[in-house]
1. Report for the chain the percent antiparallel among DSSP-assigned beta bridges with both residues inside it, nearest 5.
2. Rounded, prolate or oblate for segment 196-281? Axes are the square roots of the Cα gyration tensor eigenvalues, ordered a ≥ b ≥ c, and the cut-off for rounded is a/c under 1.5.
3. Using a 10 Å cut-off around each Cβ, can you sort 125, 182 from fewest to most neighbouring Cβ atoms?
4. Could I have the simple spin-label model distance between residue 95 and residue 190, label points 7 Å from Cα toward Cβ, reported in nm to one decimal?
5. Which residue fluctuates most in the GNM of the chain (Cα springs below 10 Å): 51, 81, 100?
6. Classify segment 51-112 as rounded, prolate or oblate from the Cα gyration tensor: take a ≥ b ≥ c as the square roots of its eigenvalues, call it rounded if a/c is under 1.5, otherwise prolate when a/b beats b/c and oblate if not.
7. Place a label point 7 angstrom from the Cα of residue 240 along the Cα-to-Cβ direction, then list the residues of segment 151-178 whose backbone nitrogen is under 15 Å away.
8. Tell me the relative contact order for segment 34-280 as a rounded percent, counting alpha carbon contacts under 8 Å between residues six or more apart.
């Protein structure tokens, strides 16, 4: 053993020796896709709190991108609260490739590939009672051990907050950018700030903000009614220098389509700017 090795403190920042232990590049935690898969862009859909409509935005964005002719996939990373399969009317269990090595995502009626923890359960209503490390491992498996064939855009529906799963996604997947989903309430600034700060610390680009439940359109006169109070979206976006991508109205038809598993047939032209941002990511 050399004298250098014997005296090594394993702190390269205080040592000038050029030995094999020194690494010039920071360690990467990215999980590799399996050789049979191909994904061009990964877009995360996040929020600092629950109940703002991340899964709805994920579903509608996937459908809008599919309508452009792109091949689209959804990785449902909300392991303990999955809702993506129901929105697309997917109730089948997961299948595997002939060699049994890879999961095969379900395919929606407009050919959007979907993988979700719901598809692994014997009954859709069974709870997923897993600890954090197991949940994080499942997300990695959905990425690296699933057959994603020629996907142009993959949307990752993340659970709320800044816990294990968002951290796992940001570290393990090559995220091209994130969409932050919020709602028109006083808490919006705090919600956005949490997501923005995490994205900055993880060096993940922020594509913009989408406000869900933004307003209700009067069916008689077309007037916009602020059911949850006046929106603070523009001022928050200006404060953080983030573009506003969309404001989604409250429409009973959208809720009905999600409940009936027909989200693919919702007219969502209000997401056109968001579609453009994803294309440019």
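Every read-out reported here was derived from the displayed coordinates using simple, explicitly stated rules and does not represent laboratory data. Please read all numbers here as calculations on a predicted model, not as lab measurements. Every residue, glycine among them, receives a Cβ derived from its backbone with ideal geometry; neighbour counts consider all protein chains shown.
1. Details: 6 of 36 bridges.
The antiparallel fraction comes to roughly 15 percent.
2. Details: a/c = 2.31, a/b = 1.47, b/c = 1.57.
Here segment 196-281 falls in the oblate category.
3. On the way: 125 7, 182 29.
Going from least to most buried by this count: 125, 182.
4. A separation of 4.7 nm, rounded to one decimal place.
5. Comparing 51, 81, 100 in the GNM, the peak value goes to 100.
6. Working: a/c = 2.17, a/b = 1.30, b/c = 1.67.
The shape class here is oblate.
7. Residues 160-163, 177-178 qualify, since their backbone N sits under 15 Å from the label point.
8. Working: 497 pairs, mean separation 67.4, N = 247.
Answer for segment 34-280 is 27 percent.
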